[in-house]
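Student: This is the structure I want to talk about, given as structure tokens.
Values in this text are rule-based calculations from the coordinates and carry no lab data. Note that the structure is predicted; figures quoted are calculated from it, not measured. Glycine gets a Cβ as well: all are built from the backbone with ideal geometry, and neighbour counts include every protein chain shown.
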Amino acid sequence: MNSSSVRVGVDVGGTFTDIVAIDAQSRTLRARFKVPTTHDAPEGVAAGIIAGIEQLVRDGGVEPHEVSFIAHSTTQATNSLLEGDVANVAVIGLLDRFGVFARTQLSFRPFDLAPGARFAPVTVFVRDDASARRAIDDAANSGVGAIAVSEPFSVDRPEREENAIAHARSRGVAATGGHEVSSMYGLRARTRTAALNAAILPKMMQTAQMTNDAVERASIAAPLMIMRSDGGVMNLQEVQRRPIMTLLSGPAAGVAGALLHENVTDGIFIEVGGTSADCSAIRNGMPQMRPARIGGHRTMLRTLDVRTLGVAGGSMLRANAQGIVDVGPRSAHIAGLRYASFCDVDEVAGSRTVQVAPTPRDPADYLCLEPVSGSRIALTPTCAANVLGVIPAGAFAQGNVDAATRAFEVAGAYVGLEPRELARRMLDVATNKLLVAVRELTTDYELDPETVVIVGGGGGAGALVPYAAQRFGADFRLARDAEVISPIGVALALVRDVVERTIVAPSPAEIMAVRREAEDAAIASGAAPDAVDVAIEIDAQRNLVRATASGASALSEQGEHRVLSPSELRAAAARVMRRSVDELQALQATPELTVFSGERRAGRRSVVDLRVVDRTGVARAGMRDAVVTQTTAGEAETVLARVIDEQTAFGDVGRALPQIYILHGAKVSDLSALASAAQVVALATEELSGLASDAPVCILTSKNRA
């Protein structure tokens, strides 16, 4: 095995912390470990992460020098805010000549993060730098845990915020500023976001530093990365500035796995754990995002649109003598019970049915079995799926069918239902909750019901996803290595950063400036300069320009990938597209990029899937029913204008530009979300301006519905 050839991913779940090692060239799983998540340890969840890394190095056959990339997801930011476990915050409002108006925007009313946990920062207004330093000193002396600094228009001139932050840090106080959490206008929301960021800074900095120290003690040279809420990763320095960017880091890990390991292009991804299920939409190979609200209030943070449901593989049955009441939200994991499907038949055979309250706050109608031994056993959707035989062969949820059936015979006698009928009704109730989310996501993101596929990840996916997909009338598949799809997503994730600007009628030069800023930010977060792709979105109604830059980490690029031969490249594309090599057609778009296409049936019609694959076998973009146009840098402007005109759709709601990718060299530029054809042509021309006139350029377009 060559050095620098392993990518390590760690996913911190509610019950367990999963660690995987992925071969960087073949993308195959080399090792996996599971350790308890250490919520109650003095070091917090860092203790479990450290234990997992140590076990990987000790028992996983992975040498420290082989690790080229290491990252972990975290639930800490989310849990801190949901539980109200945050630092006391002082907000330093920097006033300018509009001080009277700014005061109303620099402060906000207290609000509840959780029941009994009120978020009420102290706000101090100052007019000059000397006053700001005195206010910070007073806050530090009073024992404030963190400081948020905010000033009107700091996104354009951050110097005063930077000076105040530097002074606070020199006093040993964690600090952040409005310009660090967002580059968008909107003073009140930006101030609120900065205050929330400050509230979780101390604990997040401590955990990140302890984990990083463990990585260094293990002699791993790769810098530690942490998963963001949008499915990318950032380095330790960025986490210590903007920990709020890790909200929904856990669900983001699963979506990253669906995209990078399972190569989902259009579909619904459902990650099913033991206690909850996360549902999200993937459209045109991109996860769908939405603004985050905390405590019911708007923030400047965009996160994955994840619908989290209180039903999963381990959800407990609620029932009485009249029938089923519900399934969940409490799980066997929370109640400390075993699944019937993972017990022996003898344990279940002599049991009796009892009703319990898993926690003091729960109703006492959760049904479980009490064997002679007294160690209670739960009836779960996983057990029901084993009874009905609907779990695919080899899935993680497969268990002891005889034990599960005997358990449902005992419970069925109490409820008044035959065992298979009780199992069927239990799965109906459980999957009803999933189907609501699936229908909402399909509608919200205009996914085609005829072609949408439901992809399951997580240990409980085999119990719920096949049954739910059958009821929805959709194709489904379980992800490879589904039970560890989240740490795999972490291991394969790209470095990412996002820059947003408020610009009225942005010119190509202004758009390119935002693009370069995002690219520079991704490089500062650890991306290799030559491996960054940038997607541009323009929202004309909100005067918003957003640039999302993604790329491989700098160290992981060194010796990690090798150039594949033509046959190896075709085989890699076939694996990505789930086709045989004979079904694919290949087109050399540029010396570094190849376009592969293959036809398949989708409902009553056929579609052509397309993937852009680089020389190392990594899929860089995906489309459906696309038009491929080859040209040169010198002719691109004229050709692009013609292709856009031909591929633009017209309908009742107006004009819809096509999905557009421009390929040049090793770069894949996504121009699909620009507001007008003129912007697309101008931005593409600007981007290609440094190339020789005969340099090959490939344009990919696919019609959108108007």
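Student: State, in angstrom, two size descriptors of the chain derived from its alpha carbons: Rg to one decimal place and Dmax to the nearest whole number.
Tutor: 26.5, 82
Student: If you count, for each residue, the other Cβ atoms within 10 Å and average over each peptide, how do 311-319, 263-271 line up from highest to lowest?
Tutor: Packing proxy ranking, top to bottom: 311-319, 263-271.
Student: Explain nothing, just the number: dipole magnitude of the chain about its Cα centre with +1 on each Lys and Arg Cβ and -1 on each Asp and Glu Cβ, in debye rounded to the nearest 20. List each step's numbers first, then the result.
Tutor: Values: 70 positive and 81 negative charges, 257 e Å.
Dipole about the Cα centre, nearest 20: 1240 debye.
Student: Further question on the same structure: Among all helices in the chain defined by DSSP H, which have a length of 15 Å or more along the axis from Cα atoms plus a Kyte-Doolittle mean of at least -0.5? Please report the intermediate quantities before stating the final value.
Tutor: Details: long enough: 46-59 (19 Å, 0.79); 129-141 (18 Å, -0.79); 159-170 (16 Å, -1.43); 187-217 (43 Å, -0.29); 249-260 (16 Å, 1.28); 401-415 (20 Å, 0.70); 419-444 (38 Å, -0.16); 461-472 (16 Å, 0.56); 508-524 (24 Å, 0.08); 566-577 (16 Å, 0.18); 636-647 (16 Å, 0.09); 677-688 (16 Å, 1.00).
Sorted by number, the helices that extend far enough and score high enough are 46-59, 187-217, 249-260, 401-415, 419-444, 461-472, 508-524, 566-577, 636-647, 677-688.
Student: Right, another one. Let a ≥ b ≥ c be the square roots of the eigenvalues of the Cα gyration tensor of the stretch 606-705; is it rounded (a/c under 1.5), or, if not, prolate (a/b larger than b/c) or oblate?
Tutor: Working: a/c = 2.03, a/b = 1.19, b/c = 1.71.
Because a/c hits 1.5 or more and a/b fails to exceed b/c, the stretch 606-705 counts as oblate.
Student: May I pose another question? What net charge do the residues around ARG228 carry, taking every other residue with its C-beta under 11 Å from that of ARG228, with Lys and Arg at +1 and Asp and Glu at -1? Provide the component values of the computation, followed by the final result.
Tutor: Numbers: positive: ARG242, ARG302, ARG496; negative: ASP230, GLU238, ASP497.
Here the count lands on 0.
Student: So, by mean Cβ neighbours within 10 angstrom, what's the order for 467-476, 660-669 with the highest one leading?
Tutor: The peptides rank, most packed first, as 660-669, 467-476.
Student: Give me the net charge of GLU635's neighbourhood, meaning all other residues with Cβ under 12 Å from the Cβ of GLU635; Lys, Arg count +1, Asp, Glu -1. Mind dumping the intermediate values first?
Tutor: Numbers: positive: ARG642; negative: GLU637, ASP694.
Taking every Cβ under 12 Å from that of GLU635, the sum is -1.
Student: Another question, then. Say a paramagnetic label sat at a point 7 Å from the Cα of GLN209, along Cα to Cβ; which residues of the stretch 142-167 have their backbone N under 13 Å from it?
Tutor: What the label zone holds, given the 13 Å backbone N cut-off, is no residue at all.
Student: Using the Cα centre of the chain as origin and beta-carbon charges of +1 (Lys, Arg) and -1 (Asp, Glu), tell me which of LEU259, SER68, GLN541 is placed farthest towards the positive end of the dipole.
Tutor: The Cα lying farthest towards the positive end belongs to GLN541.
Student: Right, here's the next one. Restricting to bridges with both residues inside the chain, how much of the DSSP beta-bridge set is antiparallel, in percent to the nearest 5? Mind dumping the intermediate values first?
Tutor: Numbers: 105 of 141 bridges.
Approximately 75 percent, going by the DSSP bridge assignments.
Student: In nm, give the distance between the simple-model label positions of ARG655 and ASP362, each being 7 Å from the Cα along the Cα-to-Cβ direction.
Tutor: 5.8 nm
Student: Could you tally the net charge around ASP344, taking each other residue with its Cβ under 12 Å from the Cβ of ASP344, Lys/Arg +1 and Asp/Glu -1? All intermediate terms of the calculation are to be shown ahead of the outcome.
Tutor: Working: positive: ARG338, ARG406; negative: ASP346, GLU347, ASP402.
The answer is -1.
Student: Taking loop as defined by DSSP and a crowding limit of 10 other beta carbons within 10 Å, which trypsin sites (Lys or Arg not before Pro) in the stretch 345-419 fit? Present the calculation step by step, with values, prior to reporting the outcome.
Tutor: On the way: sites: ARG352, ARG361, ARG376, ARG406; in loops: ARG361, ARG376.
When the trypsin sites (Lys or Arg not before Pro) of the stretch 345-419 are filtered for loop state and at most 10 Cβ neighbours within 10 Å, ARG361 remain.
Student: When only DSSP loop residues count, what chymotrypsin sites (Phe, Trp or Tyr not before Pro) in the stretch 90-175 have their Cβ near at most 14 other Cβ atoms within 10 Å?
Tutor: Working: sites: PHE98, PHE101, PHE108, PHE111, PHE119, PHE125, PHE153; in loops: PHE98, PHE108, PHE153.
Hits after loop and neighbour filter: PHE98, PHE153.
Student: Can you pull out the GluC sites (Glu not before Pro) in the stretch 388-482 that DSSP calls coil and that have at most 14 other Cβ atoms within 10 Å?
Tutor: Details: sites: GLU409, GLU421, GLU440, GLU446, GLU450; in loops: GLU446, GLU450.
Filter output for the stretch 388-482: GLU446, GLU450.
Student: Mean separation of Cα pairs under 8 Å and 6+ residues apart, divided by the residue count of the chain: what relative contact order is that in percent?
Tutor: Values: 1684 pairs, mean separation 75.8, N = 706.
Over the chain, the number comes to 11 percent.
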